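Engineer: Please find one structure pasted underneath; my questions will follow.
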Amino acid sequence: MPTNPNQLVELKVAGRYRMLPVWATKLSFEVRPGLKFDTRAWKLWKPCLLLLEEIVKKEKLKVSWVRIHSHFGLKGDIPHAMGWWDHEQKAMFLCHFDKETLLHEVGHALTSGYHGDPWAKATARLYKKYLNGKAYSASMIQLAHYLSGRRVYKALFNERPPKAPEILSIWKGLKP
């Protein structure tokens, strides 16, 4: 195995050969890049996946594998959800490489509900623990996009949340 953690190596992942950086092979979960994954996106995914590794340990979370995507030069909306959690497979699908999306999905992994109160409480706790300043504030406003999130926001801040802006793809117009 090469010593440079960012060097790409070819490995068989989920039955297909993929190029992964050495650092991604050392995570406690398997990383599965999508079919048309652009390897230049690894630098964008690295902070998010390393945070997930930290969360897996701290929260005692079982994650079997994570599917990630790249959509450089996207002109419209992404053709699928930004992320989701599969309870049965203990698998996460991530399209957005931001911490907010990651923590939103970890909230699902830690609870049995969908966007209900247990999920909103767990997600708010994760935001507070793993985000700071403007990132924390923006995430809490986005949490209020959901009814359960509005209840949690009101309980935490003793005020009605501001209207959450529409979530836009972070890939839109992004160049490698």
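Throughout, read-outs are computed from the coordinates displayed, never taken from laboratory work. For clarity, every value in this text was computed on a predicted model and none was experimentally measured. Virtual Cβ from ideal backbone geometry, glycine too; neighbours counted across all protein chains shown.
Engineer: Is it fair to say residue 141 is under 22 Å from residue 48 (Cβ atoms) and loosely packed, with under 14 Cβ neighbours inside 10 Å?
Structural biologist: Considered against the rule, which asks whether it is under 22 Å from residue 48 (Cβ atoms) and loosely packed, with under 14 Cβ neighbours inside 10 Å, residue 141 comes out as no.
Engineer: Kindly indicate which of 128, 154, 163 is touching a helix residue (DSSP H, G or I) at 6+ places or on another chain (Cβ under 9 Å) and over 30 Å from residue 73 (Cα atoms).
Structural biologist: 128 is the lone residue from the list that is touching a helix residue (DSSP H, G or I) at 6+ places or on another chain (Cβ under 9 Å) and over 30 Å from residue 73 (Cα atoms).
Engineer: Condition (residue is part of a strand (DSSP E or B), closer than 20 Å to residue 126 by Cβ and not basic (Lys, Arg)) applied to segment 60-78: is it met by at least one residue?
Structural biologist: Within segment 60-78 (the criterion being part of a strand (DSSP E or B), closer than 20 Å to residue 126 by Cβ and not basic (Lys, Arg)), the answer is yes, since at least one residue qualifies.
Engineer: Still on this structure: Residue under question is residue 49, and the condition is that it be surrounded by fewer than 17 Cβ atoms within 10 Å (Cβ to Cβ) and either under 15 Å from the mean Cα position of the chain (by Cα) or not β-branched (Val, Ile, Thr) (or both); does it hold?
Structural biologist: Considered against the rule, which asks whether it is surrounded by fewer than 17 Cβ atoms within 10 Å (Cβ to Cβ) and either under 15 Å from the mean Cα position of the chain (by Cα) or not β-branched (Val, Ile, Thr) (or both), residue 49 comes out as no.
Engineer: Restricting to segment 1-43, count the residues that are surrounded by 12 or more Cβ atoms within 10 Å (Cβ to Cβ), among the small types (Gly, Ala, Ser) and free of Cβ contacts under 8 Å to residues at least 60 places away in the same chain.
Structural biologist: Total satisfying the criteria: 3.
Engineer: How do the pairs read when you match residues in segment 122-144 that are in contact (Cβ under 8 Å) with a residue 60 or more places away in the chain with residues anywhere that are of a type outside the set (A, V, I, L, M, F, W, C), using Cβ under 7 Å and keeping only pairs 6 or more apart or on different chains?
Structural biologist: 126/107; 130/99
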